[in-house]
Amino acid sequence: MSKVAIIGGTGLTKLTNLTITGREVHVSKYGEPSAPLTRGLLVGKEVIFLPRHGAGHTIPPHKVNYRANITVLKNVGVEKVISINAVGGITTAMEAQRIVIPDQIIDYTWSRHHTFFDEGLNQVVHVDFTSPYCEELRQSIIAAARRDKLPIIDTATYAATQGPRLESAAEIDRFERDGCHIVGMTGMPEAALARERGLCYASIAVVVNKAAGRGKGVITMEEIEHNLVAGVDQVKRILEAVIPSL
Ligand code: HPA
């Protein structure tokens with residue numbers, strides 16, 4: 001049985017279906033993670049929960065200490081990480097409230113601490129990132145969702161942007177030309193750092209708005225919050241379906 005962690009995104013600072021068994025403060029050599037680790041039971045299985053934006057949702061995407069988060073999870077023996085990410089939908093299929101399990105990512109972020117392999121090295125390290133998500137975990141999520149008849153889209157390319165502002169319409173056009181289907185601010189460097197530390201990492205993305213220039217007008221926080229509530233509810237059901245199988 002492998003140790004599983006869930007990194008909660010926007011709209012998921014608390015896992016309401018988690019029976020909490022403990023909270024632990026950890027510090028890493030890269031500094032403090034976003035919050036203490038919450039240990040608990042989800043449908044009877046032990047999981048660790050870490051809210052990416054902090055317990056009070058105060059850490060913006062570009063300020064998240066991704067290296068500290070991945071390090072503390074690794075240090076407590078986590079092997080599998082399910083990341084929850086709110087995203088904008090770029091292509092027409094990516095409607096609000098859709099749940100998407102991405103299989104590719106393009107990194108448009110900048111100036112984030114994006115690697116563990118940058119100092120004190122005996123040798124330069126280049127990790128393979130051909131398939132940025134753990135295919136075994138992705139397939140477990142997809143199979144569990146299908147089994148419970150929870151609708152999902154099982155492939156997509158995630159455009160990781162710097163934020164915290166949303167994109168211009170021209171930026172979204174460019175991402176679509178590049179082959180991206182969804183856009184979010186937290187997919188990178190988290191996925192790459194997980195790979196560097198040998199963690200099996202996959203994402204459940206929830207579409208909370210049409211990306212810039214794809215909807216009727218401007219993107220509002222009301223729209224995002226409305227879709228988050230319904231989307232996160234589906235995410236919780238998928239977690240309940242998949243966690244026992246890991
Ligand atoms: N763009 C970037 N990140 C996001 C979006 C978006 O439209 N929606 C939710 N996170």
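Every read-out reported here was derived from the displayed coordinates using simple, explicitly stated rules and does not represent laboratory data. Note that this is a predicted model, so its numbers are computed, not measured. Glycine gets a Cβ as well: all are built from the backbone with ideal geometry, and neighbour counts include every protein chain shown.
A few remarks follow.
- Dipole magnitude for the chain: computed about the Cα centre from +1 point charges on Lys and Arg Cβ and -1 point charges on Asp and Glu Cβ, it is near 500 debye.
- Between segment 187-228 and segment 84-115, the alpha-carbon center distance in angstrom: 5
- Only DSSP H runs of four or more residues enter the estimate; each adds -39500 (n - 2.57), and after division by the residues of the chain the mean residue ellipticity at 222 nm equals -7500 deg cm²/dmol.
- Compactness index (Cα Rg / 2.2 N^0.38 Å), the chain: 0.95
- On the basis of the beta-carbon distance and an R0 of 41 Å, residue 169 and residue 230 show a calculated FRET efficiency of 0.95.
- Orphan Cys of the chain, criterion: no other Cys C-beta under 4.7 Å: 180
- Cross-link pairs 216/236; 29/63; 3/149; 149/210 - those with Cα-Cα distance over 23 Å: 216/236; 3/149; 149/210
- From phi via Karplus (6.51, -1.76, 1.60), per-residue ³J(HN,Hα) for segment 48-64 in Hz, x at Gly/Pro: 10, 10, 9, x, 4, 9, x, 4, x, 6, 10, 9, x, x, 7, 9, 4
- Here the peptides 125-135, 194-204 are ranked by packing, the mean other Cβ count within 10 Å, and the order with the highest first is 194-204, 125-135.
- Of the DSSP H helices in the chain, those whose Cα atoms cover at least 20 Å axially and whose Kyte score averages -1.0 or more: 221-242
- Global form of segment 193-246, assessed from the alpha-carbon gyration tensor, a/c cut-off 1.5: oblate
- Modelled this way, with points 7 Å down the Cα-to-C-beta line, the labels at residue 23 and residue 121 are 3.9 nm from one another.
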